[in-house]
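To start, the structure under review is shown below, and the notes come after it.
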Amino acid sequence: MKKVLLFALPICVGNVLQQLYSTVDTLVIGNFCGSVSLAAVGTSSQPVEILLCVFLGLGTGVSILVSQFTGRDDRQGQQEVCATAISFLFLCAVPLSILGQFLGPMVLRLMQVPEDTWELANAYIQIIFWGTLGNMGYNMNAGILRGMGDSRASLFFLLISCMVNIVLDLLFVAGMGMDVGGAALATAIAMYCSWLFSIFYIRRQYPELEFTFLPHRMSRKMMGRIVSIGLPLGLNSSIYSVGHIFMQSLINLQGSTFIAACSVSGKVTGIANVAITSMSSAATTFSGQNLGAGNYLYLKKGGIRIPLFSGLITCSAGLLVTFFCRPILELFTRDPAVLELAVRYIWVVLPFTWAYAVFNGIICFVNGMGEIRFPTIVNILMLWAVRIPCAYVIAAFLDGGYVMASIPVSFIFGMVCMFSYFFSKKWKRVKEQAALQAQGRRSLPPE
């Protein structure tokens with residue numbers, strides 16, 4: 001756990017910086033533009049997520065393969081997966097930037113965005129989509145570095161780009177009065193900075209990867225492996241994002257004030273939950289490298305301990321932020337109606353996010369072992385069989401202002417389902433091989 005926590009710490013700080021990206025946007029817009037602009041930024045994130053998530057899932061597949069090749073000390077495999085990933089990046093990101101200009105507004109209409117928010121939300125997503133190459137490129141390169149066991153480098157890239165984002169936010173929004181379009185432009189430029197710095201770093205620190213700026217070759221076999229692991233993850237995220245659109249539609253029906261409240265409370269809960277992503281990333285790399293090395297003793301220990309540590313850290317942070325949420329929320333807005341609804345959101349959701357931390361930690365650990373199907377099924381059920389139906393029941397028969405209560409219900413359901421993995425045949429095999437290694441006997445090679 002010491003190694004896992006040391007690996008996760010830079011990712012955690014990096015997640016804080018990534019939260020700072022959107023948080024600075026919200027702070028500047030909330031203080032210089034108003035609640036309608038806040039609502040526009042809050043509701044426009046879903047169209048971007050739904051179109052990007054499939055490709056970011058494939059990037060996760062790259063990270064898992066790199067971690068497994070690193071565990072096996074397979075230099076050629078590392079080079080092939082990196083070269084294929086670069087070609088894949090350009091093949092996907094450039095068309096997606098153009099496609100987003102047409103599909104983004106369509107998704108906003110589907111989400112029933114209020115008329116007073118429509119124009120600003122549309123302007124925001126159109127600019128954000130032009131930053132797709134930088135966004136996908138940085139996330140892919142950060143995944144490669146994590147797969148190599150280097151979690152500190154991406155922190156440095158994010159620090160630089162975060163400073164760029166803050167300066168440009170103040171220049172474009174506060175100084176030049178560009179409203180949400182200025183915030184989107186600042187974020188897009190900052191993401192390109194992260195991507196370019198990550199390329200320079202990989203070329204300098206890991207010359208053995210033969211990393212390039214532009215695509216030069218692609219292995220069909222490696223692309224097939226990336227797709228076999230990453231596509232289910234991406235489709236899972238895509239289905240999840242479609243579900244988020246249904247949830248956002250329910251939120252949008254409550255009006256601009258409720259949208260703005262959910263937007264600012266989402267930033268606060270994101271700050272409290274930064275350990276979730278970092279521990280989950282550590283779980284994926286940990287399981288991938290140890291599976292590649294055939295170290296079943298570590299797999300057995302890490303599969304239980306990493307999710308529980310993630311839950312404990314998230315529970316502590318969540319309770320702390322819940323009790324002090326009002327002064328934190330007042331940094332974003334002074335609107336009394338928005339504040340009241342935002343406080344309600346945090347008190348309903350944040351005390352239960354520890355269950356999501358445990359759930360996500362187990363899922364990412366299992367994904368790192370190449371087991372994709374079961375986590376995908378649980379993720380789909382958690383959203384479509386639990387969260388969305390609960391939200392619609394609450395909105396129809398109780399009070400639409402409490403639709404967020406469906407979120408903690410789904411967290412508990414997902415956590416319980418993922419615990420069942422530890423009773424599966426595949427986990428039983430891990431325990432058997434760990435027992436053999438504990439006795440000093442030779443275990444079977446990883447499948």
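The values are calculated or read from the model by the stated rules, or taken from the named source; none is laboratory data. The structure presented is a predicted model; accordingly, all values stated were derived computationally and were not measured. We place every Cβ from the backbone using ideal geometry, glycine too, and count neighbours over all the protein chains shown. Just the protein is used for accessible areas: all its heavy atoms, side chains included, with ligands, DNA and RNA removed. Shrake-Rupley method; radii C 1.70, N 1.55, O 1.52, S 1.80 Å.
Once you list every other residue whose beta carbon is under 11 Å from the beta carbon of TYR201, what net charge do they have if Lys and Arg are +1 and Asp and Glu are -1?
For residues surrounding TYR201, the net value is +2.
Could you tell me how many degrees, from 0 to 90 and to the nearest 10, lie between the Cα long axis of helix 256-272 and the main elongation axis, the longest principal axis, of the Cα atoms of the chain?
Approximately 30 degrees, to the nearest 10.
Quote the accessible area belonging to TRP130 in square angstrom, nearest 10, computed with a 1.4 Å probe and with ligands, DNA and RNA left uncounted.
Surface accessible to solvent at TRP130 totals approximately 130 Å².
Which order do the peptides 274-280, 257-263, 153-159, 208-214 come out in when sorted by mean C-beta neighbours inside 10 angstrom, highest first?
Final packing ranking: 257-263, 274-280, 153-159, 208-214.
In whole Hz, with x marking every Gly and Pro, tabulate ³J(HN,Hα) for region 146-159 from phi via Karplus 6.51 cos²θ - 1.76 cosθ + 1.60, θ = phi - 60°.
Here the 3J(HN,Hα) series is 5, x, 6, x, 9, 9, 8, 4, 4, 5, 5, 4, 5, 4 Hz.
Could you pull the Rg and Dmax for region 74-166, using just the Cα atoms, both in Å?
Rg then Dmax for region 74-166, in Å: 17.1, 56.
Give me the angle, in degrees from 0 to 90, between the Cα long axis of helix 75-110 and the longest principal axis of the Cα atoms of the chain, rounded to the nearest 10.
Roughly 20 degrees between the two axes.
So how much accessible area does LYS3 have, in Å² to the nearest 10, using a 1.4 Å probe?
Approximately 150 Å² of LYS3 is accessible to the 1.4 Å probe.
Rg(Cα) of the chain divided by 2.2 N^0.38 Å?
0.96
Would you mind working out the accessible area per residue for the chain, using a 1.4 Å probe, and quoting it in Å²?
42
Whenever you get a sec, compute what percent of the accessible area on region 180-297 sits on carbon and sulfur atoms (1.4 Å probe).
Roughly 64 percent of what the probe reaches on region 180-297 is carbon or sulfur.
What percent does the relative contact order of the chain come to when contacts are Cα pairs within less than 8 Å and at least six residues apart?
It comes to 23 percent, rounded to a whole number.
Principal axis extents for region 267-422, Cα atoms only, whole Å, descending order, please.
57, 33, 17
For a protection proxy built on the mean count of beta-carbon atoms within 10 angstrom, sort 326-339, 344-357, 221-234 highest first, please.
344-357, 221-234, 326-339
Please give the solvent-accessible surface of ASP73 in Å², to the nearest 10, using a probe radius of 1.4 Å with every protein chain present.
Near enough 120 Å² of accessible area.
Give me Rg/Rg_expected for region 265-312, where Rg uses Cα atoms only and Rg_expected = 2.2 N^0.38 Å with N residues.
1.37
By how many degrees, between 0 and 90 and to the nearest 10, does the Cα long axis of helix 296-323 differ from the longest principal axis of the chain?
20
Cα centroid distance between region 261-296 and region 146-215, in Å?
Centre-to-centre distance over Cα atoms comes out at 20 Å.
Cα-Cα pairs above 16 Å in region 168-233: how many percent?
68
Order LEU99, LEU291, most accessible first, counting only protein heavy atoms with a 1.4 angstrom probe.
Greatest to least solvent exposure: LEU99, LEU291.
Using a Cα distance threshold of under 21 Å, what count of lysine pairs results for the chain when pairs must be 8 or more residues apart or interchain?
Qualifying lysine pairs in the chain: 12.
Highest mean first, how do 61-68, 413-420 rank when packing is the count of other Cβ atoms within 10 Å averaged over residues?
61-68, 413-420
Need one word for region 348-433: rounded, prolate or oblate. Basis is the Cα gyration tensor (sqrt eigenvalues a ≥ b ≥ c); a/c below 1.5 gives rounded, then a/b vs b/c decides.
prolate
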